[in-house]
C-alpha cells in the first residue's frame with residue numbers, strides 16, 4: 001500500500017482545498033507493470049496545492065479487482081475510486097462525473113470508449129479509459145533464428161503459426177510451442193477469426209459454428225502438444241492464468257497475450273533473447289482480429305466525497321497528465337488527443353518500442369464483433385463460461401460438442417439471472 005496526497009488544478013477550481021477538513025479517498029489499484037507506482041508519483045506532486053485531501057492507493061492483485069471488488073461494492077464497503085476492467089459490468093455502482101467535469105472535453109478526448117462504461121439508461125460519464133489494450137502474439141525471434149525456420153508473414157493464419165512454432169520447438173528442444181492466456185477475453189479474438197459472431201441474430205452467443213470451430217481447434221492443439229497444456233488444464237473454474245513467465249524464461253516460442261505485457265517483457269527479458277510482436281494471426285473466416293480492452297479509472301456512487309473523486313479522475317484525464325502516464329507506463333493511449341500527437345514511451349528497449357507500434361498498428365483490424373464484445377456489460381459472465389467449459393473439453397471431461405452445448409445453456413441461465 002502506498003499513501004498518496006493529491007488534487008490537481010481541477011480540484012482547485014472547485015474550491016476543494018480545505019486544510020481543516022481532511023478528506024480521505026481510497027483508490028484500489030492493480031498494475032500490469034508500473035501503473036500504480038506512476039499514479040503515486042504523478043498525483044503526489046499535486047498534494048501541496050490541495051492540502052486537506054489524502055488519497056490512499058491500495059495496490060492489490062488483479063484477481064482482487066475481479067473477485068473482491070464486486071463483493072465489496074455490493075456490500076457498500078468498496079473504495080472511492082478503482083482501476084477496473086469489467087467496464088460495463090460494474091456500471092450500477094459508478095459515480096456519474098457529468099455534473100463535475102467538462103463533458104465536451106471528455107467527448108473529444110475519449111470518444112467511443114465512453115460507451116464501454118454505459119449500460120441501458122445509465123448513459124453518463126463514468127470512466128476514464130486509462131490504458132487501451134489489444135491482444136496479440138509475442139514470438140521468440142532468437143529461437144526462430146536458431147531453428148532456421150522462417151517466421152510466417154503478416155497474413156499468416158493460426159495454422160501457419162502453429163506449424164512454425166512446432167517446428168521451432170522441435171529443432172531447439174524448447175518445451176512449449178505455443179500458449180494462450182487462460183482467459184475468455186484472450187480467446188475471443190481468435191474465435192472471431194474462426195467465424196464466431198458473439199452477438200448473433202438472437203443475441204449474445206458462444207455456440208455458433210464459428211465459435212465451435214475454434215474450440216475444436218484449440219482442444220486439438222492441447223491434445224497434440226502444440227499448446228502448453230498446464231496454462232488451461234492446470235487451473236480450476238474461471239481462474240485467470242497467463243504464460244508470460246514461460247515466455248520470459250525462453251521456454252515458449254509463441255505467446256498470445258496482449259499489449260499490457262510489453263512493459264514486463266521490456267524489463268524482464270532484457271538481452272536474454274530477441275523478441276517481437278506479430279499481432280493476431282488470421283482465421284478461416286478471413287478476419288485477423290484481436291480483442292480490444294484495457295482498464296479504466298472510475299469513481300463509485302457510495303463515496304462520501306463525489307466532488308473530490310470527480311476532480312481526481314478529471315485531473316488524470318487532462319491531456320498533459322494522461323500523456324505523461326502513458327509514456328511512463330508504456331501503455332497505448334485511449335485519449336484521442338494523446339494518440340494523435342504520438343507517445344514517446346520512456347525507458348523502453350528498441351524491441352519494446354517496436355512492439356508497442358505493432359500493437360497500435362493492429363487496432364484498425366479489430367472486428368466489429370470484438371469491439372462490441374468488449375463493451376457488452378455481460379461479457380464477464382461470458383468470459384467465465386468460456387474458460388470453464390473449454391477447460392473441461394481440454395481435460396476430457398466433456399466433448400467439444402457437449403462443451404459448446406453447455407456454454408449455450410450457461411449463457412441462457414446467466415442472461416435470465418441478469419434480467
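Since every read-out is calculated from the coordinates, none of them should be taken as a lab result. Just so it is clear, the structure is predicted and the values come from calculations on it, not from any experiment. As a convention, Cβ positions derive from the backbone with ideal geometry for all residues, glycine included, and neighbour counts pool all protein chains shown.
Observations on the model:
- Between residue 121 and residue 409, full extension at 0.36 nm per residue minus the direct alpha carbon distance yields a gain of 100.9 nm.
- Length-normalised contact order of region 112-201 in % [C-alpha pairs under 8 Å, at least 6 apart]: 17
- Taking the C-alpha atoms only, the angle from helix 35-44 to the longest principal axis of the chain is near 20 degrees.
- Of all DSSP beta bridges in the chain, antiparallel share, percent nearest 5: 65
- Using R0 = 30 Å, the C-beta based FRET efficiency linking residue 151 and residue 241 works out to 0.65.
- Relative protection proxy for 406-415, 297-306, from highest mean packing down: 297-306, 406-415 (other beta-carbon atoms within 10 angstrom).
- Residues 160, 242, 80 arranged by fewest to most Cβ contacts within 10 Å: 160, 242, 80
- Principal-axis tilt of helix 306-317 within the chain, Cα atoms, nearest 10 degrees: 50
- The DSSP beta bridges internal to region 20-113 are antiparallel in roughly 0% of cases.
- Rounded, prolate or oblate (a/c below 1.5 giving rounded, otherwise prolate when a/b exceeds b/c) for region 55-180 by Cα gyration tensor: prolate
- With Cα atoms, 0 to 90° folded angle of helix 319-329 axis to the chain main axis: 40
- Put in line by how crowded their Cβ is, counting other Cβ atoms within 10 Å and starting with the fewest, 110, 138, 272 read 272, 110, 138.
- Spin-label pair residue 336-residue 402: with each label point 7 Å from Cα along the Cα-Cβ axis, the two points sit 5.0 nm from one another.
- With the largest listed first and rounded to whole Å, the semi-axes of the equivalent ellipsoid of region 366-415 from the Cα gyration tensor are 22, 12, 9.
- The reciprocal of the average 1/r between distinct C-alpha atoms defines the Kirkwood hydrodynamic radius, which for region 140-221 equals 14.2 Å.
- From its DSSP helices (H runs of at least four residues, each -39,500 (n - 2.57)), the chain gives a residue-normalised ellipticity at 222 nm of -13000 deg cm²/dmol.
- Net length available on complete extension from residue 163 to residue 49 is 35.2 nm, with 0.36 nm assigned per residue and the Cα-Cα distance removed.
- Cα gyration tensor category, rounded, prolate or oblate, for region 286-419 with a/c compared to 1.5: oblate
- Across the chain, C-alpha contacts under 8 Å between residues 6 or more apart give a mean separation that, scaled by the residue count, equals a relative contact order of 24 percent.
- Of 261, 318, 63, the residue with the greatest mean-square motion in the GNM of the chain, using alpha carbon springs below 10 Å, is 63.
- Put in order of Cβ neighbour count within 10 Å, fewest first, the listed residues 289, 399, 31 become 399, 31, 289.
- Mean sequence separation of contacting Cα pairs (under 8 Å, at least six apart), scaled by the length of region 268-419, corresponds to a relative contact order of 24 percent.
- Two-site FRET efficiency, residue 371 against residue 267, from Cβ-Cβ distance with R₀ of 30 Å, rounded to 0.05: 0.50
- Most mobile listed residue (380, 45, 26) in the chain, GNM with C-alpha springs under 10 Å: 45
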